[in-house]
Amino acid sequence: MSTFFSFSFVQSSVTEIVLCFCMLYKAWIIYKNSYGSQLLKLLIADSVLYFASIFAVLLTNTLVGFITPRGLVQIAIGWEYAIPCTMGSRLLLSMFEQAFKQRMSTDQSRHTPSYLLSDIRMQGLSASPVEPPSVLTMSVLESVGK
């Protein structure tokens, strides 16, 4: 097996470790100074999970590259593409969910749900009155309205 192939995973692992330590340093500053929103805290927690899963895949690929015979090297390569896509989707969905919860809690404090406000603004558009618009649509409409 080519040692260049195995060392390409080592370089990726080192890059991931550096990025994780930078993120953990920022998390420590946020924790020490007691500031930061729930969304930022969720982003940090999900980023640690993202790092752990990607690092495990890169470590597995490196070990497979050094240990297995040349014909079996491709066994673990597919996970290098599947896991980052899955974890990135999880990260984005968690952020959207947290942003939606924050938006709904602030709108409920005003006693008007945000989807009703968005429907009022969208009366001229072809929006369905039964289904509330997405968080992205609400944020775009609010930024246009300001």
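The values are calculated or read from the model by the stated rules, or taken from the named source; none is laboratory data. Note that the structure is a prediction, hence the values are computed from the model and not measured. Counting neighbours? That spans all protein chains shown, and the Cβs are built from the backbone with ideal geometry, glycine included. The area values use the complete protein model at the heavy-atom level, side chains included, leaving out ligands, DNA and RNA. Shrake-Rupley method; radii C 1.70, N 1.55, O 1.52, S 1.80 Å.
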Checklist entry - Over region 36-83, what per residue volume does the convex hull of the Cα atoms give, in whole Å³? => result 50 Å³
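Could you tell me what a quarter of the Cα convex hull surface of region 1-79 works out to, in nm² with one decimal place? Intermediate results must be reported in sequence, preceding the final value.
Values: hull surface 22.0 nm².
So the mean shadow area of the Cα hull is 5.5 nm².
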Item to check | Residue-count net charge about Ser47 - beta-carbon cut-off 12 Å; Lys, Arg +1, Asp, Glu -1 | outcome: +1
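When only the heavy atoms of the protein chains count and the probe is 1.4 Å, how do Ser34, Ser105, Ser47 rank by accessible area, highest first?
Values: Ser34 100, Ser105 65, Ser47 30 Å².
The most accessible residue leads, giving Ser34, Ser105, Ser47.
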